[in-house]
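Single-structure report; data block below.
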Amino acid sequence: MGEDSPLELKGLVLDSGCKVSKPHPDGLSDELAAMGNAAGSLLILGVDDKRREVVGIPVEQLDRLEAHSSSSP
């Protein structure tokens, strides 16, 4: 099973300072807007979308990710 219109997989990339470098807020907001137009959409973070492998999100980075996701460009 891969990505399709109701499913989007996104890996999380942290730089050396433990800041979120990917997904970029602009790209993420575009994905979310497109998904908002589809019924039953699902965004899963922490999954490498090319390899379809669960890479996870470090527990200590969850607050940083939440702040990143809600930041304005």
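Derivation of every value follows stated rules applied to the coordinates shown; laboratory data play no part. This is a predicted model, so every value here is computed, not measured. Here the Cβ positions follow ideal geometry from the backbone for every residue, glycine too, while neighbour counts run over all protein chains shown.
Quick rundown of the values:
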quantity: For Asp49, residues with placed amide H under 5 Å, excluding near neighbours; calculated: Gly11
quantity: Three semi-axes of the equivalent ellipsoid, region 7-70, Cα gyration tensor, whole Å, largest first; calculated: 20, 14, 10
quantity: Total charge dipole magnitude, region 7-70, about the Cα centre, Cβ charges on Lys, Arg, Asp, Glu only, Debye to nearest 20; calculated: 160 debye
quantity: DSSP-defined antiparallel bridges as percent of all bridges, region 7-70, nearest 5; calculated: 50 percent
